[in-house]
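Here is the structure we will look at, set down as C-alpha cells.
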Amino acid sequence: MCGCVSQKLSLSLLTIVVTSLQLLAVYVLPLARVLDTVRPTGTDWLVVILCSVVPILIVEATKAVGRLKSAPIGGRSLEAN
C-alpha cells in the first residue's frame, strides 16, 4: 500500500511540474521570446479543454457500457450465451 501512495504522489508532482513548465514557457516573457511561444487565445483554450475532456467522456462511456453489459437482467448477463 505504501508503494501505491508513493506512486500517486510522484505522478501528481510530475503533473504539477510539467504543467508549470509549460505555463512558464508561455507566460514568462523572456522565456517566451527565447522559445518563440505566444499566449493562447480564447479559441486555443477551448480546443485544449475539449481535447482534454472528450477522451475522459469516451472512457467513462465505455466503462458504463461495459457495466451495463455485465449487469444481470432477470438473473442472466447480456454476455451469457
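Every read-out reported here was derived from the displayed coordinates using simple, explicitly stated rules and does not represent laboratory data. Values in this document were obtained by computation on a predicted structure and should not be read as measured data. As a convention, Cβ positions derive from the backbone with ideal geometry for all residues, glycine included, and neighbour counts pool all protein chains shown.
For the chain, what does -39500 (n - 2.57) per DSSP helix run (n ≥ 4), summed and divided by total residues, give at 222 nm, in deg cm²/dmol to the nearest 500? List each step's numbers first, then the result.
On the way: 3 runs with 62 residues, N = 81.
Mean residue ellipticity, 222 nm, calculated: -26500 deg cm²/dmol.
Would you please classify the overall shape of the range 16-58 from the alpha carbon gyration tensor, given that a ≥ b ≥ c denote the square roots of the eigenvalues, rounded means a/c under 1.5, and beyond that prolate means a/b larger than b/c while oblate covers the rest? Display every interim value, and only then the final one.
Details: a/c = 3.90, a/b = 1.87, b/c = 2.08.
Because a/c hits 1.5 or more and a/b fails to exceed b/c, the range 16-58 counts as oblate.
Within 10 Å, count the other beta carbons around each residue, average over each peptide in 18-29, 50-61, and list them highest first.
Details: 18-29: 11.2, 50-61: 9.7.
So the peptides 18-29, 50-61, ranked by packing, come out 18-29, 50-61.
If one takes the longest principal axis of the Cα atoms in the chain, at what angle in degrees, from 0 to 90 and to the nearest 10, does the Cα axis of helix 2-27 lie?
Helix 2-27 and the main axis of the chain meet at about 40 degrees.
For the chain, rounded, prolate or oblate, judged on the Cα gyration tensor with a ≥ b ≥ c (square roots of eigenvalues), a/c < 1.5 rounded, else prolate if a/b > b/c?
Details: a/c = 6.44, a/b = 2.04, b/c = 3.15.
Note, shape of the chain comes out oblate.
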